[in-house]
1. Does GLU7 fit the bill of being open to solvent by 70 Å² or more (accessible area, probe 1.4 Å), within 16 Å of the ligand (Cβ to nearest atom) and closer than 19 Å to TYR218 by Cβ?
2. Please determine, by comparing only the residues of region 128-145 that are open to solvent by 50 Å² or more (accessible area, probe 1.4 Å) and of a type outside the set (A, V, I, L, M, F, W, C), which one is nearest to the chain's Cα centre (by Cα).
3. For region 157-176, does any single residue satisfy the condition of being closer than 24 Å to GLY75 by Cβ, in contact with a Lys or Arg (Cβ under 9 Å, 6 or more places away or on another chain) and not basic (Lys, Arg)?
4. Collect the residues in region 56-105 that are open to solvent by less than 50 Å² (accessible area, probe 1.4 Å), of a type outside the set (A, V, I, L, M), more than 13 Å from the ligand (Cβ to nearest atom) and more than 16 Å from the chain's Cα centre (by Cα), keeping them in residue-number order.
5. Can you give me the number of residues within region 152-166 that are open to solvent by 30 Å² or more (accessible area, probe 1.4 Å) and either without any contact (Cβ under 8 Å) to a residue 24 or more places away in the chain or under 14 Å from ILE118 (Cα atoms) (or both)?
6. Can you name the residue in region 195-229 that is surrounded by fewer than 18 Cβ atoms within 10 Å (Cβ to Cβ) and among the charged types (D, E, K, R) and, of all such residues, is nearest to ALA143 (Cα to Cα)?
7. Given the options ARG304, ARG300, ARG322, name the one that is modelled with pLDDT of 75 or more, of a type in the set (Lys, Arg) and farther than 28 Å from ARG225 by Cβ.
8. Checking the condition touching a strand residue (DSSP E or B) at 6+ places or on another chain (Cβ under 8 Å), surrounded by fewer than 22 Cβ atoms within 10 Å (Cβ to Cβ) and either among the charged types (D, E, K, R) or outside any loop (DSSP other than H, G, I, E, B) (or both), which residue from ARG172, ARG148 passes?
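The values are calculated or read from the model by the stated rules, or taken from the named source; none is laboratory data. Computed from a prediction, not measured in an experiment: that's the story for all the values here. Cβ coordinates were reconstructed from backbone atoms using ideal geometry, including for glycine residues, and neighbour counts include every protein chain displayed. Note: accessible area is taken over every heavy atom of the protein model, side chains too, but ligands, DNA and RNA are not part of it. Shrake-Rupley method; radii C 1.70, N 1.55, O 1.52, S 1.80 Å.
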Amino acid sequence: LTPRQLERVRDLIEQRAGIYLPPARNDVVRRALAERMAACGAAAFHNYARLLAERERGASELRRLLPYLTIGETGFFRVPSHFDALRALVPQIIANRPSGVLHIWSAGCATGEEPYSIAMTLADMGGAVRGWQARILATDIVADAIERARLGCFAERALRGMPREQIARHFRLRDRVYEVSPALRRQVTFEEFNLAQAPYPRAPGGWDVIFCRNVTMYFREATTRQVAARLARVLRGGAPPAGGGFLLLGPTEMIGCWSEHFRTIEAAGAFVLVKEPAGRRRHGMSTPAPGDSAGHAHARPTTRAPASAPHPPLNEDEICARALGAIADDRWDDAQAILDQSGPRGRFSAHDEPGSCRVATAPRSPRRWLLRAWLKAARGEREAAAELCGTLLASDPLLAGAHYVLGLIACRAGEIEESIVRFQRAIYSDHDLAPAHYHLGLACCKQGDAAAARRAFRAALRALERGSEAWRDFAEGLAPEQWRRACQERLAALEA
Ligand SMILES: C[S@@+](CC[C@H](N)C(=O)[O-])C[C@H]1O[C@@H](n2cnc3c(N)ncnc32)[C@H](O)[C@@H]1O
């Protein structure tokens, strides 16, 4: 396949399914095409391209091609704090309504673990939702995934991490296969649906809850913005506790694309999106409502240093400098405590008060947040780190450091393609961010792309030569000379 032909297929997939396949995924596209061309008996690419371009037959061939190109990674109760938020907010949504039906949409549900987790959460809420019936629509673009989800049968390993009693309550074990109970299966309707196409499914009065997690991270910004606008149209207006609905996104989603239509609130330790009233829609961070208890964290600190404090509080730069010193000495607990301490603007607003529900705002100076996110990522607290980055990106979608930390998180989780995209975004925003070039090089090595890895390590060396200070917060306690040596060693290994 020529680069031009590959580009044509990638463009077509993006046009029809919204899924952006960066050139780094060319090998995956090539393999998928080889499989499908063989299955269709297409001898040459132009025969297959003609088939794909046809209206009816093309659409059904695309359905067969997509499973090779999408990432269906999922799990029961993935991001547990999202299910805590569901438990905390649903009673607020239904509080002022007569009993009836709660409408929930799991958009991009993969093999069904997500909608079944929603059904289990509601079933386990008992009295809090008595008199209410849950109706869950679960959709995905991949027909095979929907078929498997509909069966509701899972291997034991899919249930890893779930409490035994919960498994006993909601599954039946048959021939070493765990089958979701019929009562829960009746609550979930599975359908094929492509989020890149309108019209979106509607619920009477709007969806009460929408889960659209880890789907748009494979879309480019324009597509994500379109999805955000369409989801806003079908979500119930207002916000809990006033009865409105809410939306949950994956922790690594480009939050900035959503802020025109939604504002972020925090519930039970998770960030959830609620509809921004039409008159207040704007680009960038959400504006707190006049009655919101928390304004911008930096404008109205939640905790102030006591008036009688013996020392004046440290400013942000001093706090960061101390934390970096502790990181350099491998005193990570100390670094964490320093970063978490009260500064002149008060304690961190995120995560202080689990269960509270208020506007999540990023600070004017993101440096401390970024360091905190980096430290959490380095300590394997993936979800907390990703949430901090998500909030930062909501106020500045081009914040290089946040993309960099998300790249590290993805790389650690073995999501190499995602990490490459993140490192590239970080570099796009800040070409001097030497560690992003370096880690991009490592990710390319993992993908077996030696040429790209070489380019990345050389770019890291050039960034180090430019002597910028911008990357120092991510130096991991190493001196520039040590980074330089690391790059040179990698290059030498690649040459060998
Ligand atoms: C990584 S999985 C996420 C599954 C689940 N939401 C979760 O977070 O565990 C992404 C899913 O999005 C689906 N997807 C990708 N593009 C889509 C589109 N245009 N419309 C609907 N679903 C799509 C994929 O098929 C895949 O099953």
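1. Working: open to solvent by 70 Å² or more (accessible area, probe 1.4 Å): yes; within 16 Å of the ligand (Cβ to nearest atom): no; closer than 19 Å to TYR218 by Cβ: yes.
No; evaluated as a whole, the condition is false for this residue.
2. ASP144
3. Looking through region 157-176, none of the residues is closer than 24 Å to GLY75 by Cβ, in contact with a Lys or Arg (Cβ under 9 Å, 6 or more places away or on another chain) and not basic (Lys, Arg).
4. If the condition is that a residue be open to solvent by less than 50 Å² (accessible area, probe 1.4 Å), of a type outside the set (A, V, I, L, M), more than 13 Å from the ligand (Cβ to nearest atom) and more than 16 Å from the chain's Cα centre (by Cα), then GLY58, SER60, GLU61, PRO91, GLY100, HIS103 are the ones that fit.
5. Taking region 152-166 as the starting set, the residues that turn out to be open to solvent by 30 Å² or more (accessible area, probe 1.4 Å) are 153, 155-158, 160-161, 163-165.
Among the residues that remain, those that are also either without any contact (Cβ under 8 Å) to a residue 24 or more places away in the chain or under 14 Å from ILE118 (Cα atoms) (or both) are: 155-157, 160, 163-165.
Of the residues in that region, 7 qualify.
6. ARG202
7. On the way: ARG304 fails: modelled with pLDDT of 75 or more; ARG300 fails: modelled with pLDDT of 75 or more.
When all the criteria are applied, what remains is ARG322.
8. Matching residue, one of ARG172, ARG148: ARG172.
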